[in-house]
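Heads up: the structure comes next, in structure tokens.
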Amino acid sequence: RVGTVVFDKTGTLTKGVFKVTGIHPQPGVSEEELLRWAAFAEASSNHPIAKSVLEACGNPASEEHPEIREMPGMGVIAKSRTGSLVYAGNAKLMKQMGIGEVPQFAKTTVHVARDGQYLGCLLISDELKPGVREALSELRSLGVSRLAMLTGDNEAIARETAMELGLDVWKAGLLPQDKVSELEALMKTETSGRITAFV
């Protein structure tokens, strides 16, 4: 009876094991400085992306424990003892903090800014889980007519993953509550009493 299967992306279609594969500082900012501020902001987060940033920085044992404010679906804001504010997160966070336009890549990107100044970004890579293509192909052979993906990642990453896997529908840049709305919208378009599964 299942007509549509909707997948989350990270950790479901992909391994969810991240690695920093690119460091892009702004002119006048060193790679070390960019990594250091990113690690400062991500220091107390358990998110897999934060862990990859700390690993790339060599797991710095900072004396300072910043005040951290998590911004769900966007990133973190860290406040140092001296009152500096460091933002680490996606383009949505940068926009909300008044940083303006930031470069876009077809990879998960952690943008970093301090006290209103954009410092640059880190590119993080994730891999498809082994057997994902075969599993999707098997679902189609069982009669599932629509395969969809909902992700918080940007459009470029979502498109690349969707094309690679031959998905029918994908939506990018979603916060957790947006995924629920998109899932409900897909359920409404299901035909002739078939049901929707979410993975």
Pairs, first aliphatic (A, V, I, L, M) in the stretch 88-107, second assigned to a helix (DSSP H, G or I) and surrounded by 17 or more Cβ atoms within 10 Å (Cβ to Cβ), C-beta under 8 Å, six or more apart: 88/37; 88/38; 88/41; 88/42; 88/53; 102/91; 102/94; 106/157
What do you reckon, is residue 114 within 30 Å of residue 39 (Cβ to Cβ), surrounded by 18 or more Cβ atoms within 10 Å (Cβ to Cβ) and in contact with a helix residue (DSSP H, G or I) (Cβ under 9 Å, 6 or more places away or on another chain)? yes
So in the stretch 55-93, with the set limited to residues that are farther than 24 Å from residue 8 by Cβ and among the acidic types (Asp, Glu), which one is modelled with the lowest pLDDT? 63
If you scan the stretch 9-35, which residues turn out to be touching a Phe, Trp or Tyr at 6+ places or on another chain (Cβ under 8 Å), surrounded by fewer than 19 Cβ atoms within 10 Å (Cβ to Cβ) and modelled with pLDDT of 95 or more? 26
Residues 183, 167, 139: which one is within 21 Å of residue 72 (Cβ to Cβ), out of contact with any Pro (no Cβ under 7 Å at 6 or more places or on another chain) and not small (Gly, Ala, Ser)? 183
Can you give me the number of residues within the stretch 131-186 that are over 23 Å from residue 70 (Cα atoms) and polar (S, T, N, Q)? 4
Within the stretch 36-44, is there a residue that is surrounded by fewer than 19 Cβ atoms within 10 Å (Cβ to Cβ), among the charged types (D, E, K, R) and at pLDDT 90 or above? yes
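The values are calculated or read from the model by the stated rules, or taken from the named source; none is laboratory data. None of these values were measured; they are calculated from a predicted model. Neighbour counts run over all protein chains shown; Cβ positions are idealised from the backbone, glycine included.
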